[in-house]
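> Pasting in a structure now, in structure tokens, and then I'll have a few things to ask.
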Amino acid sequence: MADRIDQFLSHRGFGTRTDVRKVIAYGRVRINGRKVKSHGQHVEGGRVTVDGVEVPVGIETATLLFHKPLGYACSTDPAESPLVEELIPPEYQHLGLNSAGRLDRDTSGLLVMTDDGALIHRLTSPKAHRGKRYRIVYSGHLSSHAVDRVTKGIHLPDDPNPCLPADLRLEADDADGLHRATLILHEGRYHQVRRMIAELGGNVERLHRDRIGGLDLPQDLVPGAMREVTPAELELLLHGPEA
Ligand code: URA
């Protein structure tokens, strides 16, 4: 537990960092019986008390799988509420979980939430080659060279660097007048799928991510549900074969 005391208390319901610093300044906080003199002091596994009452440490680390529903932003800016972080169960709130990559407000699907920075890197770095699979419903018509352009690394109009080679699979048309495709990406640029489809002549109407690495969105995760990853799922995320 390497948290600073102000973070530690703020993450456990004692208010903002500013609130907590006042509590510390009044001499009400102790670590292992010693009065805390600086809000930057580290907890280092010590026993923390406020006014003599012990503050429970709670869960120390977690990686959660989340089925992000439509309408929620992957952001910490309250102005963008409703936020994904508002759906994190209370017992995990103090961990300050981050998502491994983001999904737009209008995108649903699998998101990994964790306090493990190395895991985030392993899931998001293009070098780690963990594909993200997107199911796309689009209107309009893609150009005849769409698959080829994506395979070679498509240029987006407002981006100097071409996208990394990706895998676009077009599906047979449905009766509803919309078209369906699957796209597997190994990087995460801003609105990447929507921008790629637009560049190819289409318009994304619905977007859903249903696989990361070798892990499909688990069936028990209904939209909005979040639970801890199992060791077998973690193995699939990191080392499972791509679709
Ligand atoms: N690409 C997008 O355009 N949106 C997402 O949410 C994810 C990938």
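> So which of SER108, SER75 is within 16 Å of the ligand (Cβ to nearest atom) and either in a loop (DSSP other than H, G, I, E, B) or at positive phi (or both)?
Numbers: SER108 fails: either in a loop (DSSP other than H, G, I, E, B) or at positive phi (or both).
Just a single option satisfies the conditions, and that option is SER75.
> Any residue in the stretch 173-202 that's in the same structural domain as SER108 (by TED's automatic domain parsing) and over 23 Å from ASP159 (Cα atoms): show its pairings with residues that are within 16 Å of the ligand (Cβ to nearest atom) and not small (Gly, Ala, Ser) at Cβ separation under 6 Å, as long as the two are six or more apart or on different chains.
From the stretch 173-202, no pairs qualify.
> From ARG102, ARG149, grab the single residue that is of a type outside the set (Gly, Ala, Ser) and within 16 Å of the ligand (Cβ to nearest atom). Working first, answer last.
Values: ARG149 fails: within 16 Å of the ligand (Cβ to nearest atom).
Just a single option satisfies the conditions, and that option is ARG102.
> I've got another one for you. Hey, could you check the stretch 209-240 for residues that are buried (at least 18 other Cβ atoms within 10 Å of the Cβ) and within 15 Å of the ligand (Cβ to nearest atom) and say which is nearest to GLY177 (Cα to Cα)?
Step by step, filter the stretch 209-240, then rank; the result is ARG209.
> Would you check if there is a residue in the stretch 72-81 being β-branched (Val, Ile, Thr), surrounded by 11 or more Cβ atoms within 10 Å (Cβ to Cβ) and at pLDDT 95 or above? Lay out the reasoning, then the answer.
Step one: list which residues in the stretch 72-81 are β-branched (Val, Ile, Thr), which gives 76.
From what is left, the residues that are surrounded by 11 or more Cβ atoms within 10 Å (Cβ to Cβ) are 76.
The next check asks that each one be at pLDDT 95 or above; those that pass are none.
No: the stretch 72-81 contains no residue that is β-branched (Val, Ile, Thr), surrounded by 11 or more Cβ atoms within 10 Å (Cβ to Cβ) and at pLDDT 95 or above.
> Closer than 23 Å to VAL147 by Cβ and touching a residue at least 24 places away in the same chain (Cβ under 8 Å) - does that describe any residue in the stretch 229-237?
Checked against the condition, which is being closer than 23 Å to VAL147 by Cβ and touching a residue at least 24 places away in the same chain (Cβ under 8 Å), the stretch 229-237 yields no hits at all.
> Could you list, in sequence order, the residues of the stretch 48-66 that are of a type outside the set (A, V, I, L, M, F, W, C) and farther than 25 Å from ALA100 by Cβ?
Of the residues in the stretch 48-66, the ones of a type outside the set (A, V, I, L, M, F, W, C) are 49, 51-52, 54, 56, 58, 60-61, 63.
Passing the criteria: THR49, ASP51, GLY52, GLU54, PRO56.
> Taking the criterion of being at pLDDT 95 or above, farther than 30 Å from LEU215 by Cβ and either assigned by TED's automatic domain parsing to the domain that holds THR230 or part of a strand (DSSP E or B) (or both), would at least one residue in the stretch 62-70 satisfy it? Talk me through it step by step, then tell me what you get.
Filtering the stretch 62-70 down to residues at pLDDT 95 or above leaves 62-70.
Next, from what is left, pick out any that are farther than 30 Å from LEU215 by Cβ: none.
Checked the stretch 62-70: no residue is at pLDDT 95 or above, farther than 30 Å from LEU215 by Cβ and either assigned by TED's automatic domain parsing to the domain that holds THR230 or part of a strand (DSSP E or B) (or both).
Conditions tested, residue by residue: (1) within 16 Å of the ligand (Cβ to nearest atom); (2) among the polar types (S, T, N, Q); (3) at pLDDT 95 or above.
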position	(1), (2), (3)
THR114	no, yes, yes
LEU119	no, no, yes
THR124	yes, yes, yes
ILE136	yes, no, yes
PRO165	no, no, yes
LEU168	yes, no, yes
LEU178	no, no, no
THR182	yes, yes, yes
ARG195	yes, no, yes
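The values are calculated or read from the model by the stated rules, or taken from the named source; none is laboratory data. A quick note: this is a predicted structure, and the numbers were derived from the prediction, not measured. Here the Cβ is made from the backbone with ideal geometry for all residues, glycine too, and neighbour counts use every protein chain on show.
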